[in-house]
Amino acid sequence: MLSRVLEPEVMDSPGEALAYDAMDHSEVNRRFVDDLLAVCSELEGDETAHGASNNDSAEIDEAAERSPLDVLDIGTGTALIPIELCRRVAIPRVTAIDLATSMLHLARGNIEVANLRDRIRVDRIDAKQLPYADGQFALVISNSIVHHIPDPAPVLGEALRVLAPGGLLFVRDLLRPEDDATVDHLVATYAAGADERQRRLFDDSLRAALSLDEIRKLAEGIGLDPECVLATSDRHWTLAARKQQ
């Protein structure tokens, strides 16, 4: 297994933010939201003795009608996932946070273009010290922040703290490859149309990612079942866990 090579915790130069935003994340973002809604559907089915509808969007809409469904997106980047989520379901409020000012500047522009200013709020917040009350959010999500953080345990702990009992924590990130050849293969496969700077960003991110064993140990350390973390593609792991009542 390759040793973890850390990259900067915050991508906060305008050039880095523009390079990131220019990459085609559409398939990855759609898959994230698809899988999130599938997990929500499973949880809804568990609560109703498997009597829930197969329509994921309708189930989330119904939950939103019953009570405010506040969502927190940690490490939102340029807010592409909150935008995708709000296009798909009637989430009334999403708080999208990041520590990179340049990313948030682009996020606000993307939200404006999507006409979602009334549903998505962005804030510059350090995820290691969230300024939110215990149990404030019904859903906490995060995509590709963990590999940026030298010690992700405080971030995961804070995410669980602000999640309401019975709420869903859904986190996805890159999975560190076992060797250089696999890194090269993944970059060639998934960044084939990118420029050299973007390919380097992806290469660096793969090398900064956690192994499956590492993220499972972190999950166990905050009181979650380590089996809630699964390898969900050739380059991703996903943590999906409901907070105990």
**Request:** With a point put 7 Å past each Cα toward its Cβ, work out how far residue 88 is from residue 126 in nm, to one decimal.
**Result:** 3.3 nm
**Prompt:** Which part of the range 201-218 falls in the paramagnetic zone of residue 178, meaning amide N under 16 Å from the point 7 Å along Cα-to-beta-carbon?
**Reply:** 211-214
**Request:** Just the number, please: carbon plus sulfur as a percent of the accessible area of the chain, 1.4 Å probe, no ligands or DNA/RNA counted.
**Result:** 49 percent
**Asked** Dividing the convex hull volume of the Cα atoms of the chain by its residue count, what figure in Å³ per residue is obtained?
**Response** 121 Å³
**Message:** Can you give me the accessible area per residue for the chain, using a 1.4 Å probe, in Å²?
**Reply:** 47 Å²
**Complete:** Classified through the alpha carbon gyration tensor (a ≥ b ≥ c as square roots of its eigenvalues; rounded if a/c is under 1.5, else prolate when a/b is larger than b/c, else oblate), the range 80-149 comes out oblate
**Heavy-atom accessible area order for 42, 84, largest first, 1.4 Å probe** = 42, 84
**Prompt:** Which of the GluC sites (Glu not before Pro) found in the range 172-245 are loop residues per DSSP with 16 or fewer other Cβ atoms within 10 Å of their Cβ?
**Reply:** 178
**Item:** Length gained when the stretch residue 217-residue 5 is fully extended (0.36 nm per residue, less Cα-Cα span)
**Value:** 74.4 nm
**Item:** Accessible-area order (highest first, 1.4 angstrom probe) of the listed residues 5, 187, 113
**Value:** 113, 5, 187
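The values are calculated or read from the model by the stated rules, or taken from the named source; none is laboratory data. Every value quoted in this text rests on a predicted model; they were computed, and no experiment measured them. Because the Cβ atoms are built from the backbone with ideal geometry, glycine has one as well, and the counts that use them run over all protein chains shown. With ligands, DNA and RNA removed, areas are computed over all heavy atoms of the protein, side chains included. Shrake-Rupley method; radii C 1.70, N 1.55, O 1.52, S 1.80 Å.
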